[in-house]
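Heads up: the structure comes next, in structure tokens.
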Amino acid sequence: MMVALGDQVERGSGPTESEHGSTEATSRVREAAAARGLEIEVSESPRASSLEEAAVLRGITPADIVKSLVVKRHGRDEYLFALIPGDRSISWPKLRALLGANKLRLPEADLALAATGYERGTITPLGSTTDWPVYADERILGRRVSMGAGAHGWNLTVDADALVAAYGATVADISEPIDAIR
């Protein structure tokens, strides 16, 4: 999930976690991490207008911001998480071949929310209302990554290898370069 592009809130647009304690969504994330033995750091997302700006504000590279995409299998009520480096995009042909599926798609916002308990721009496997399978692009391995923390205006940082291990994620080449990062 590209936290920086959709997870910020304007100051004054509502209570923040630090003002009113943990939000329900970030609490779910923290509890799920603890249950899986994952060490995470949850922090406010700096407001950014691009992936590059978000990376600079966090002191990381665009590749260290991981997009958690919820993917729907065509014709079924089955989903999966695809973890993609921020500087790349999902490769539909590679993911379809890996899964042996003819059709996959990103679900509409209401279906993504129903499948995960998180709004688009905040989605993470951690604390999802359903434990869908996780597929991680091989390029996230060996990195400390930043991703959605379940609530707008928040992100989490985690060791990607530990995340992959905690979820028994399938690791494969499931991304392709983005010609021009937004």
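Selection of region 105-146 for residues being part of a loop (DSSP other than H, G, I, E, B), open to solvent by less than 80 Å² (accessible area, probe 1.4 Å) and out of contact with any helix residue (DSSP H, G or I) (no Cβ under 8 Å at 6 or more places or on another chain) yields only Pro133. If you take the residues in region 22-51 that are part of a helix (DSSP H, G or I) and open to solvent by 70 Å² or more (accessible area, probe 1.4 Å), which one is nearest to Ala114 (Cα to Cα)? Only one residue tops the list, namely Glu24. Do we find a residue being within 20 Å of Arg28 (Cα to Cα) and either over 11 Å from the mean Cα position of the chain (by Cα) or part of a strand (DSSP E or B) (or both) anywhere in region 171-180? No, region 171-180 has no match at all.
Let's see how each residue does on (1) under 24 Å from Val158 (Cα atoms); (2) modelled with pLDDT of 95 or more:
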| residue | (1), (2) |
| --- | --- |
| Asp7 | yes, no |
| Arg11 | no, no |
| Pro15 | no, no |
| Glu31 | yes, yes |
| Gly37 | yes, yes |
| Arg58 | yes, no |
| Asp77 | no, no |
| Phe81 | yes, yes |
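Filtering region 89-115 to residues that are touching a residue at least 24 places away in the same chain (Cβ under 8 Å) and either touching an Asp or Glu at 6+ places or on another chain (Cβ under 7 Å) or within 15 Å of Thr23 (Cβ to Cβ) (or both) leaves Ser89, Ser91, Lys94.
Summed over region 52-63, residues that are within 18 Å of Arg143 (Cβ to Cβ), open to solvent by 20 Å² or more (accessible area, probe 1.4 Å) and touching a residue at least 12 places away in the same chain (Cβ under 8 Å) total 6.
The values are calculated or read from the model by the stated rules, or taken from the named source; none is laboratory data. Just so it is clear, the model here is predicted, and its values are computed rather than measured. As a convention, Cβ positions derive from the backbone with ideal geometry for all residues, glycine included, and neighbour counts pool all protein chains shown. For accessibility, only protein heavy atoms count, side chains too; no ligands or nucleic acids. Shrake-Rupley method; radii C 1.70, N 1.55, O 1.52, S 1.80 Å.
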